[in-house]
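Peer 1: This is the structure I have questions about; it appears just below.
Please treat every number below as a calculation from the coordinates, not as lab data. Bear in mind the structure is a predicted one, so any value in this text is a computation, not a measurement. Here the Cβ is made from the backbone with ideal geometry for all residues, glycine too, and neighbour counts use every protein chain on show.
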């Protein structure tokens, strides 16, 4: 398996623009997570899905952030409008609800909002 | 609310030395994870600790779990430069949610 695949790897945009981050989880995994990592706040869970259904979005910072999972192999995290304080590395991770339940992380998307 | 605290947050050590990173958490949990992150890279799973007294070892790294003390340790033996990275512990909150510690940035100098 290719692992969790995220795109784009880098995104530079201007304040006020819409940003869409994409994630393809590991095939067969039933949980998908979106995290944000910054120097100041560390690694924060934004939202997670089980079988394509959002379970906990309490970490989503505000209404400008939204996430969807239309099918088992694809998820998006959208920021509209983007602000400079959204600059961070966004990670997607997936896991299987049996066994060790290890979360496998994608390579991340480094977002810079100017 | 589950809190996970690591110490130290920064650790600079010489090759060949031994050291331990500590991870304390505030509420009971059924499992604890250790991850490694290289600069500019993603997080890589190192260990999963599933029960009290669990010990896992790989190479120069050994992780242990004391659920009664709510403490996990990551011990580095005879450190080598390749182990320089940031190490995170993470604890389950509920069935699937992970709460991460702040990370320990480990630098190993020749």
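Peer 1: Run the numbers on chain B and let me know its relative contact order in percent, using alpha-carbon pairs under 8 Å that are six or more apart.
Peer 2: Details: 278 pairs, mean separation 40.1, N = 110.
For chain B, the relative contact order is 36 percent.
Peer 1: What share of the DSSP beta bridges in chain A is antiparallel, in percent to the nearest 5?
Peer 2: On the way: 36 of 40 bridges.
Roughly 90 percent of the DSSP beta bridges within chain A come out antiparallel.
Peer 1: What is the average number of partner chain Cβ atoms found within 10 Å of a Cβ in B:98-107? Before the final figure, lay out each step's value.
Peer 2: Numbers: counts 10, 3, 6, 2, 3, 3, 0, 0, 0, 0.
Partner-chain Cβ atoms within 10 Å, mean over residues of B:98-107: 3.
Peer 1: Mind running the shape call on the protein assembly as shown? Use the C-alpha gyration tensor, a ≥ b ≥ c as the square roots of the eigenvalues: rounded below 1.5 for a/c, prolate if a/b tops b/c, oblate otherwise.
Peer 2: Since a/c reaches 1.5 and a/b is larger than b/c, the shape of the protein assembly as shown is classed as prolate.
Peer 1: A follow-up question, please. With the Cα gyration tensor of chain B giving a ≥ b ≥ c as the square roots of its eigenvalues, does the rule (a/c under 1.5 for rounded; else a/b larger than b/c for prolate; else oblate) give rounded, prolate or oblate?
Peer 2: Prolate, since a/c reaches 1.5 and a/b exceeds b/c.
Peer 1: Now for a different question. Determine, for A:86, A:57, B:38, the number of other Cβ atoms within 10 Å of each Cβ, and report the residues in order from fewest to most. All intermediate terms of the calculation are to be shown ahead of the outcome.
Peer 2: Numbers: A:86 21, A:57 15, B:38 12.
Placing the least packed residue first, the sequence is B:38, A:57, A:86.
Peer 1: To check you understand DSSP bridge types, tell me what percent of the beta bridges within the protein assembly as shown (both residues inside) are antiparallel, rounded to 5.
Peer 2: So the antiparallel bridges amount to about 90 percent of the total.
Peer 1: Related question: What percent do you get for the relative contact order of region A:26-106 when only Cα pairs under 8 Å and 6+ apart count? Mind dumping the intermediate values first?
Peer 2: Details: 145 pairs, mean separation 26.4, N = 81.
In percent, rounded to a whole number, it is 33.
Peer 1: Determine, for B:97, A:100, the number of other Cβ atoms within 10 Å of each Cβ, and report the residues in order from fewest to most. Provide the component values of the computation, followed by the final result.
Peer 2: Numbers: B:97 19, A:100 13.
Ascending number of Cβ neighbours within 10 Å: A:100, B:97.
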